[in-house]
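Q: Right, I'll just put the structure down here and ask away after.
The numbers here are math on the coordinates, done by the rules we state, and not lab data. This is a predicted model, so every value here is computed, not measured. All Cβ positions, glycine included, derive from the backbone under ideal geometry; neighbour counts span all protein chains shown.
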C-alpha cells in the first residue's frame, strides 16, 4: 500500500483545482465545495493511514529503511543532469577518507599493535571535483515523513470539516477551500519529498498559501498588511534555506536525502566554536526554520497572521506549516548534530523564544493572539528539544501540539463564531453555560498544554525538559532547562487566564459593547467604506459584521428568535447571547479533544515503564529512531535500539568501529563524542541521588509542580480575586507594559528596518528621478538635436539624390517596358516559344547542327 | 522523261527507294514517329501563335498535346521491343494527357463562352486584358 503514497498529495490538489477553477464559474453550492475539499483530504488521510500501516507495521514492512518511490520507478527526472562543482567541504572529506584508511589499518593489526600509540602516514586523496546533479521528483516514506503525513492529513481533515461550518455563508467559500487544498498539497509535498529541492518547493508553496489565507479578507487593511508581513519575513528565512541547499549541493553533489545523509554521517564532528562546512549549512537551514517556525528574531509575523480565518490559524499557523521548521531540522539532524555550535544556537534560540512568547501571552486580550503567542512559545520548546539532541521528542511535541493547539484554535473559532465575531476576551466570560461542547473540549486542550498528567502535552513537554536537563550534546543544558521550566509555568498561567476570561466567571458580553481593540481595524474599515456591512449573512467566519455602536441595544434573550431574525438582514442589531456552534464544528473538536487527551501515550515516558521506551514501533521515539543519527556510533539509531532490531540494518560499520578500537577509545566513543564538560543538572542530581530513575521522577514531579503553580496562580488571579491582575499590573508596571506591547519588537523592526528601507528606497528614488532620469533626459535632448540635423541632411540631400535618380530611370525605362506589354496573349506565347527555342538551341547547338547536316546529306543522297 | 519514269519503275520493282519506303512504312522505326510528332508540334505552335480565332487556337493546342501523345506511344512501343519492363508507362501517360486535354477543353470552352458574353468577340487580337 505504501507504493501509492504519490496519491496523497495529488488528491487535495485535485480538489483544490476543481474548487478553484470551477467553483466560481459554475456557482458550486457550499455542500459541493465542502464535499470535494473534505472528501479529497479524507481520502488522502485514509491512504496515508494505510500507507503508514503497511510501511511501518504491516507484514511486508520496510521500516526502518526509507521507502523512496523512485525505487519502484515511480519518479521522473525533474531537474535533469547538470554538472555541479563540488567545491565545499573538501577538508571534511579529506578527514573522512583518512579515517577510513585508519580504520582499515587498525583492523589489520593484532591487538598488541593496536594498544601501542599509533602514527599514521598522512595520505592525500583526490576527490571528484564535480558531479552530475539529477534532481528527481519522488516521494519518500520514512518514520519522520509518515508521522507528518498522518498529522497533516488527520488534523487537516478535522479542520476542513470544522471550516465547512465556520465559513458557512462566506462569499469566498470556494476560494477558501481552493487555498486550503493547495496548502495541503504543498505541505504534503514538503514532508514527503525525497530531496531538498522538493522540500523547498513545498516550503515556498505553504508560504504562498499562508500569504493567500492570511490575506483572505483582503479588503481589510489589517489582513492585507499581515499577509505581506508574513510573506516578507518568511523570505528572509527562505534566503537562508536556499543558501543551505546550494551549500548541500556544492558539498555533497546531490540533493537526495538518502545520498546526502549517507555521506554526511561520516563527516568529522565540528565542536563548539569550530565553523566547518556542516555548521554553515546548518546555520542556513536554521535561518529558514526560524522564519517558517516563527522563532526569534523572525517571530513577528505569526501573531499578525491571526488576521486570517480561524481554521487557517489552526491548520497553518498552529498545527502544520509552522512545524515545517521542526521537520526540516529533524530531517537534517545528521547535519545539525555534526555542529555542536548550531545545536547550542538552536537550543538557546528555542529557549529564548519559548520564554519570550510565553511572557507576551500573559497580557494579550485577543483570544487568538494569546493562542498565537502560545504557538510561538511551544515551537520554542520543540526547538529546545532539537537543540539538546532529542529530535524524536521534538517531533513528539509537534504531534501532541498539533492535537491540542488545533483543538484550542478551533475552540477559539467556535467561541468567536458563537460570540458573533468577538475576539476580545474581556467581553467574554461564563461561556461554559452557552457552549458546553466547546467548553468541554477546550478543557482537554487546556490541561494538555499545561502539562497535566495524563494529557498528551504532559508526556512531550516533560520529556523535553528532561532532555534539556540531561543533555550531553551541548553545555548550558541547565540554563535551557531553567528557561523552559519558567516558560512552562507562564504557559500554564496564561492558558488558565484564557480559560477563566472566556469560559468561567462573570458574563461580560452584555455589559461591554463591541468595538474595542479587536474591532478597531474593522470599524475603521467600515467607516471608510472599505468593508461592506454584510450582516445579512448567517456566518462569515472572522469577518467583522458589527460596527462599534451597533451592539448596544435590546438583547436577544431567546436564541431561536435570534437565529431566525439573524438571517433576514437589516434588523436592529443588539447584543447577542452566545450560542453553541453547529455539529460540523463541534464534532471535529471532540475528535481532537480525544486525541489531545490520549495522544501522548505513544511516547510514554521511560520513567513510567522501567527506563525503557516500550511498545516497540508503536512508541514514537522508537519509531523515529532510524532517522536520528547517533554521534556515538556514527550511524542512524540509538544504542537502545541496538538490541531490538539487530546489527544487520544499521550497525554494520559501528560494530567494526567498536571492536577494532582499543579498550579505552571504545569507552570514550560510547560516552559521547561532544565535549560537554561543565555543569550538567541531571547528572549532578543523579550523582547525588545515585539513580537515574529517581532523577527522572524528580523532574517529572517538578514539571507537574510548575504546571500546578501556573494553574494555581491563574485561578487565584482570574477566578478567586479578579482585582489582583490590575493590582499586579500596576505593581509590575514596566514589565506589564513591555509584555503588553510585545517588547516593542514590531516597533523596533519598524524603526530599524522598515523605516530604513523606506528611507533608502526614497533616496534611491530621488537619485533615480534626479540623476538617472536627468542623464537619460539629457541624452534624449542631445539625441533629439542630433537627429534634427541628420534628418535635414536626409530629407534634402539623400532624398533629393534618390528622387532624382529614380525619376531619371523612370523616364528613361518606362516607355520601353510599357511597349513590351501589349496585353495580347499570343505575343507572350511567342516570346515564350522564342525563349524555348533559344534555350533548346543553346543546349543542343552542336547536336542540332550535326543532325541538320546529316539530314540534308541524306535528302541530297536520296535524289542523287 | 518516259525513260526516266521507266527506269524508276524498273528500279522500284527491283527493290528501289520507293519499295524501301513502302517496306519501312509497314515496319516503322522510332525516328519516323518522332519526326511526325515534331511536325505536328510545330504546326500546333504555329497555329497557336498565328491564328486569331480562339477556337482554332484551342485546336492547335490539341495538336501540340497529341504530338506529345504520339511521342509517348512511340517510345512506349520502342521500349516494349527492347524488353523494358516500364514500357507501358508511356501509354498510361498518354491516357492521362487525353484526360487532361478533355478537361482543359471543357474549361477552355467555358472561358471562351464567358469571354464572348463579356467582350462580344472571340478574336484574340481584340482582347488585351493582360495589359491591365
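Q: What is the average number of partner chain Cβ atoms found within 10 Å of a Cβ in A:827-838?
A: For this peptide, the per-residue mean of nearby foreign Cβ atoms is 2.
Q: Something else now. Taking 7 Å along the Cα-to-C-beta vector as the label spot, tell me the residue A:100-residue A:691 distance in nanometres, rounded to one decimal.
A: Reported label-point gap for residue A:100 and residue A:691 is 4.9 nm.
Q: What's the angle, to the nearest 10 degrees (0 to 90), between helix B:88-119's Cα axis and the longest principal axis of chain B?
A: The angle comes out at about 40 degrees.
Q: Taking the Cα atoms only, what angle lies between the long axis of helix A:436-450 and the longest principal axis of chain A, rounded to 10 degrees?
A: 80
Q: A follow-up question, please. Based on the inverse mean of 1/r over its pairs of different Cα atoms, what is the Kirkwood hydrodynamic radius of the range A:155-296, in Å?
A: Answer for the range A:155-296: a Kirkwood hydrodynamic radius of 17.0 Å.
Q: Divide, for the range A:317-449, the radius of gyration over alpha carbons by 2.2 N^0.38 Å, where N is the residue count.
A: 1.18
Q: Separation between the residue A:780 and residue A:847 pseudo-spin-labels, each 7 Å from Cα along Cα→Cβ, expressed in nm?
A: Going by the 7 Å Cα→Cβ label model, 7.2 nm.
Q: Sorting check: for A:95-102, A:248-255, which peptide has the highest mean count of neighbouring beta carbons within 10 Å, and how do the rest follow?
A: Per-residue Cβ counts within 10 Å, averaged per peptide and sorted highest first, yield A:248-255, A:95-102.
Q: Find the percent of Cα-Cα distances in the range B:24-83 that exceed 19 Å, and round it to a whole number.
A: The proportion of pairs with Cα distances above 19 Å equals 38 percent.
Q: OK, next. Once the Cα atoms of helix A:7-22 and of chain A are each reduced to a long axis, what angle between those two axes, in degrees from 0 to 90 to the nearest 10, is obtained?
A: With rounding to tens, the tilt is 70 degrees.
Q: To the nearest 0.05, how large is the calculated FRET efficiency for residue A:733 and residue A:618 if R₀ is 56 Å and r is the Cβ-Cβ distance?
A: So the FRET efficiency works out to roughly 0.65.
Q: Something else now. By count of other Cβ within 10 Å, fewest leading, how are A:437, A:67 ordered?
A: With the fewest neighbours first, A:437, A:67 line up as A:437, A:67.
Q: Per residue of B:118-126, what is the mean number of Cβ atoms on other protein chains within 10 angstrom of that residue's Cβ?
A: What the average comes to for B:118-126 is 1.
Q: Once the Cβ-Cβ distance between residue A:29 and residue A:62 is put in as r, and R0 is 60 Å, what FRET efficiency do you end up with, to the nearest 0.05?
A: Efficiency computed from Cβ-Cβ geometry: 0.85.
Q: Could you tell me, in Å, what Rg and Dmax come out for the Cα atoms of the range B:30-131?
A: 17.0, 55
Q: Below 8 Å between Cα atoms, with a sequence gap of 6+, how large is the relative contact order for chain A in percent?
A: Once normalised by length, the contact order is 12 percent.
Q: Counting each DSSP H run of 4 or more residues in chain A as -39500 (n - 2.57), what helix-only mean residue ellipticity at 222 nm follows after dividing by all residues, to the nearest 500 deg cm²/dmol?
A: Computed ellipticity for chain A at 222 nm equals -21000 deg cm²/dmol.
Q: What's the exposure ranking of B:120, B:126, B:104, A:696, going from fewest to most Cβ atoms within 10 Å?
A: Lowest count first: B:120, B:126, B:104, A:696.
Q: Here's something else I'd like to know. For the range A:728-803, what is the per residue volume of the convex hull drawn over the alpha-carbon atoms, in cubic angstrom?
A: Considering the Cα atoms of the range A:728-803, their hull volume per residue is 96 Å³.
Q: Per residue and in Å³, how big is the convex hull formed by the alpha-carbon atoms of chain A?
A: About 358 Å³ per residue, rounded to a whole number.
Q: Okay, moving on. Per-residue mean of other chain beta-carbon atoms within 10 angstrom of the beta-carbon, peptide B:39-52?
A: Partner-chain Cβ atoms within 10 Å, mean over residues of B:39-52: 2.
Q: In what sequence, highest mean first, do A:755-767, A:23-35 appear when ranked by Cβ atoms within 10 angstrom?
A: A:23-35, A:755-767
Q: Restricting to chain A, compute how many DSSP beta bridges are antiparallel as a %, nearest 5.
A: 90
Q: What ranking do A:581-587, A:772-778 get when scored by the average of other Cβ atoms within 10 Å per residue, highest first?
A: A:581-587, A:772-778
Q: At 7 Å along the Cα-to-beta-carbon direction for both residue A:274 and residue A:804, put a label point, then send me their distance in nm to one decimal.
A: Result: 8.9 nm between the two label points.
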